[in-house]
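The values are calculated or read from the model by the stated rules, or taken from the named source; none is laboratory data. What you see is a predicted model, and the numbers here were worked out from it, not measured in a lab. Please note: Cβ atoms are built from the backbone with ideal geometry, for glycine as well, and neighbour counts cover all protein chains shown. Accessible surface is based on the protein model in full, side chains and every heavy atom, while ligands, DNA and RNA are left aside. Shrake-Rupley method; radii C 1.70, N 1.55, O 1.52, S 1.80 Å.
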Amino acid sequence: QGEWGQDDWSVYGTALVGLALYGEAGTSWSLSGGAKRWVTRDLALSINLWGMSSWRSGSEYRAETLSVALEKVWR
């Protein structure tokens, strides 16, 4: 997991790995990352990505997301 930034921007990334310990559980992984940029003092644009995969009861489960956001600070 890591995060870097300055006054007007930030980026982050995370990686997770899971191992089967008991019962029907299986291996898994997850990755995520994103960035935010303040375009004005009150307005920011951000993007976030996330993906995962896991095994359980002999089946694979997968999911991915992408989100883009516009944030406004009301003063």
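The selection criterion, being under 15 Å from residue 17 (Cα atoms) and open to solvent by 90 Å² or more (accessible area, probe 1.4 Å), holds for residue 50. Checked against (1) at pLDDT 95 or above; (2) over 24 Å from residue 64 (Cβ atoms), residue 22 meets all criteria but (1).
When residue 65 is tested against (1) open to solvent by less than 70 Å² (accessible area, probe 1.4 Å); (2) modelled with pLDDT of 95 or more, just one condition goes unmet, and that condition is (1). Only one of the listed residues (50, 55) is modelled with pLDDT of 95 or more and of a type in the set (Phe, Trp, Tyr). That residue is 50. Just checking, does region 35-44 include any residue being assigned to a loop (DSSP other than H, G, I, E, B), touching a residue at least 12 places away in the same chain (Cβ under 8 Å) and not basic (Lys, Arg)? Checking region 35-44: at least one residue is assigned to a loop (DSSP other than H, G, I, E, B), touching a residue at least 12 places away in the same chain (Cβ under 8 Å) and not basic (Lys, Arg). Need the failing condition index for residue 57 against (1) of a type in the set (S, T, N, Q); (2) at positive phi; (3) within 14 Å of the chain's Cα centre (by Cα), just the number. Just one mismatch for residue 57, condition (3).
If you go through region 28-46 and pick out every residue that is loosely packed, with under 13 Cβ neighbours inside 10 Å and more than 16 Å from the chain's Cα centre (by Cα), you end up with 5.
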